[in-house]
Amino acid sequence: MQKITYILIALSLMVVSCNKDTSHKTGLAYSATISTANNTLVKQELTYREKVIAYAKKYLGIPYKYATASPAVGFDCSGFVNYVYKNFGINLPRSSSGFKNLGAAKKASDFKVGDILVFYGYKDSASVGHLGIVCEANGMKSRFIHASSGKEMAVTISDLGSAMYTRRFYKCIDPFLL
C-alpha cells in the first residue's frame, strides 16, 4: 500500500510540473501538497480569482483619488481595477468608458469571484462610469471591491444588491476570457 502511495505521489508531481501554465486563461491554478503524517497526497485547488481578490483586499482603505492608479497616491475605480489585474498579467482599459463594449455580458447566476462589474455613471445613466471586482459571488446580491467616490472615498466593499448599485448596473464580464 505504501508503495502505491509513493507511485501516486510521484505521478501527480510529474503531471503538476509538466503542464504548461495556462491558468491565466482559465482562472485556475493547481498546487499539490503532501501530508507526511499519513503519507497521503492532498490536492488543493487555488484559483487566480481568489488570488486577485486577496491582492485587491490589500488596498482596502486606500483613498479615492480621481484619475490615479497608485496605492501611494490613491485610486479611482478604473485605476484600481487596472492596477489589480495588471499584477496578474491582464491588461485592461484605464478608463471605465473603455469597458462599455468589452467582453460578453454574463447572466447574474454565472457571476464568479474576480469578474468585473460595470456600472453606469452616478449622474449620467447613459454612460459607463464605475467599475468593481466581484469578491463574493451571489448573482445580483454579490459583493464587490472598488474604489468608491461616495461617502467612503476609499477602496471598500459594497453590496451589488443595494439600490444605489442595482439601478446603475450595466453588465458583468469575465476578465480571464478577454
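3J(HN,Hα) along the range 122-135, derived from phi through the Karplus expression 6.51 cos²θ - 1.76 cosθ + 1.60 where θ = phi - 60°, amounts to 5, 9, 10, 7, 9, 10, 5, x, 7, 9, x, 10, 4, 10 Hz, with x in place of Gly and Pro.
Let me check I've understood the local charge: for Thr68, count other residues with C-beta under 12 angstrom from its C-beta, Lys and Arg +1, Asp and Glu -1. What total comes out? Local net charge: +1. Placing dummy labels 7 Å off each Cα toward the beta-carbon, the span from Ala67 to Lys112 is 3.6 nm.
Close amide H partners of Val113, meaning residues 5 or more places away or on another chain with modelled amide H under 5 Å apart, are Ala137. With 19 Å as the limit, the listed pairs Lys107/Lys171; Lys57/Lys86; Lys86/Lys123; Lys107/Lys141; Lys57/Lys171 have Lys86/Lys123; Lys57/Lys171 beyond it between alpha carbons. Along the range 49-54 the Karplus relation, 6.51 cos²θ - 1.76 cosθ + 1.60 evaluated at θ = phi - 60°, assigns HN-Hα couplings of 4, 5, 5, 4, 5, 4 Hz to successive residues, with x for each Gly and Pro. The amide H of Gly129, built 1.01 Å from its N in the peptide plane, has Phe119, Tyr120, Gly121 as neighbours under 5 Å, considering only residues 5 or more places off or on other chains. The label-point distance for Asp159 and Ala54, in a model that sets each label 7 Å from Cα toward Cβ, rounds to 2.8 nm.
Any chance you could check the Cα centroid distance between the range 134-178 and the range 63-98 for me, in angstrom? For the range 134-178 versus the range 63-98, the Cα centre distance is 15 Å.
Read-outs throughout are calculated quantities, based only on the coordinates presented, and are distinct from any laboratory measurement. Treat the numbers as computed from the prediction; the structure is a model and nothing was measured. Note that each Cβ is placed from the backbone with ideal geometry, even for glycine, and that neighbours are counted across all protein chains shown.
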